[in-house]
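The values are calculated or read from the model by the stated rules, or taken from the named source; none is laboratory data. This structure is a prediction, so every number in the text was calculated from the model and none was measured. Cβ coordinates were reconstructed from backbone atoms using ideal geometry, including for glycine residues, and neighbour counts include every protein chain displayed.
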Amino acid sequence: MSPRKAASQASSRKTGRQASTRVASVRRQRALAVLERLKQLYPNATCTLDYDTPLQLLVATILSAQCTDERVNKVTPELFARFPDATAFAIATSADIEPYVRSTGFYRNKAKNIQAACARIVSDFGGEVPSNMEALLTLAGVARKTANVVLAHGFGIIGGVTVDTHVKRLSRRLGLTQRDDPGGIEKDLMQLLPQPDWENWSIRLIYHGRQVCKARKPDCAVCELNALCPSAEVKAEGSVADATDDR
Ligand code: SF4
């Protein structure tokens, strides 16, 4: 390669690196601004599933897949009365559990996972839900989303960003990730947000997704994140989103 061509390639690599550093910096600033706004908008946001123990939270989170927390909260009082601990679930059959969780959808699979997860909790973890990511991921029906919820709200451990359907949709609309898979989105968000705020982000974004930035029809006209959002269909006065949009 000629010295001139080599110099030209080195220069384009440098320009590429500078551009990606600039995009990362813009995204980080936007993420932090959105986070602060979300904290103001939803100061008391918390997990909306009803539970008293880490095991109940784990079971409720498994049931919440493709189902509203409200619906899950309707079935869990009877479920937890009939199956008070991991052993009770472990010695049951999934057919015993099914009638209690039928209305949450995909109930056969959910009952099977709850029974298998509890059997493992009893056999491998002394009947207690483990409090680390690696062990949680060995349980049936538990991927990083469920594990993050259980760690954060059951044990106060912030190990990652919970990426559910709302967090995925809003993080993409807000131009903070271009990825489509929850694992990749979580990695992007973990780089942009301060670690102590990882769960804050998810909980508050879920509130905003339910109330304003809905899947089919985002209500951009009344959205309090409008000025920061590159996807806003109606731009707020003095919007900074366009100037900072480097998605
Ligand atoms: S401005 Fe629109 S797209 Fe952006 S977060 Fe708000 S509702 Fe969602």
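Some observations on this one:
- Within the stretch 90-124, restricting attention to residues that are among the aliphatic types (A, V, I, L, M) and free of Cβ contacts under 8 Å to residues at least 24 places away in the same chain, the residue that is surrounded by the fewest Cβ atoms within 10 Å (Cβ to Cβ) is 95.
- Filter pass, residue 87 being touching a residue at least 40 places away in the same chain (Cβ under 8 Å), of a type outside the set (Lys, Arg) and either out of contact with any Phe, Trp or Tyr (no Cβ under 8 Å at 6 or more places or on another chain) or crowded, with 22+ Cβ neighbours inside 10 Å (or both): yes
- Filtered residue count, the stretch 128-148, keeping only those that are touching a Leu at 6+ places or on another chain (Cβ under 9 Å) and either surrounded by fewer than 18 Cβ atoms within 10 Å (Cβ to Cβ) or under 22 Å from residue 212 (Cβ atoms) (or both): 5
- Qualifying residue in the stretch 66-84 (condition: out of contact with any strand residue (DSSP E or B) (no Cβ under 9 Å at 6 or more places or on another chain), of a type in the set (Gly, Ala, Ser), farther than 30 Å from residue 224 by Cβ and not in a helix (DSSP H, G or I)): no
- Listed by first and then second residue, the pairs linking a residue in the stretch 218-231 that is β-branched (Val, Ile, Thr) to a residue that is within 6 Å of the ligand (Cβ to nearest atom) and part of a loop (DSSP other than H, G, I, E, B), with Cβ atoms under 8 Å apart and 6 or more places separating them unless they lie on different chains, are 222/212.
- Some residue of the stretch 141-157 being aliphatic (A, V, I, L, M), within 13 Å of residue 202 (Cα to Cα) and within 16 Å of the chain's Cα centre (by Cα): yes
- For residue 228: the one exception among (1) closer than 20 Å to residue 43 by Cβ; (2) more than 10 Å from the ligand (Cβ to nearest atom); (3) buried (at least 16 other Cβ atoms within 10 Å of the Cβ); (4) at pLDDT 95 or above: (2)
- One residue from 190, 133 being of a type in the set (A, V, I, L, M), in contact with a helix residue (DSSP H, G or I) (Cβ under 8 Å, 6 or more places away or on another chain) and farther than 29 Å from residue 88 by Cα: 190
- Residue 59 being among the β-branched types (Val, Ile, Thr), surrounded by 17 or more Cβ atoms within 10 Å (Cβ to Cβ) and not assigned by TED's automatic domain parsing to the domain that holds residue 118: no
- Here residue 200 meets the list (1) in contact with an Asp or Glu (Cβ under 7 Å, 6 or more places away or on another chain); (2) modelled with pLDDT under 95 almost entirely, failing just condition (1).
- For residue 44, the criteria (1) touching a residue at least 12 places away in the same chain (Cβ under 8 Å); (2) in a loop (DSSP other than H, G, I, E, B) hold in every case but one, which is (1).
- Within the stretch 206-222, tally of residues that are under 10 Å from residue 173 (Cβ atoms) and near the ligand (Cβ under 7 Å from one of its atoms): 3
- Among the residues of the stretch 155-188, those that are more than 15 Å from the ligand (Cβ to nearest atom) and crowded, with 18+ Cβ neighbours inside 10 Å comprise 159, 160, 161, 162, 163, 164, 182, 185, 186, 188.
- Hits in the stretch 122-146 - residues which are hydroxyl-bearing (Ser, Thr, Tyr) and within 15 Å of residue 57 (Cα to Cα): 131, 146
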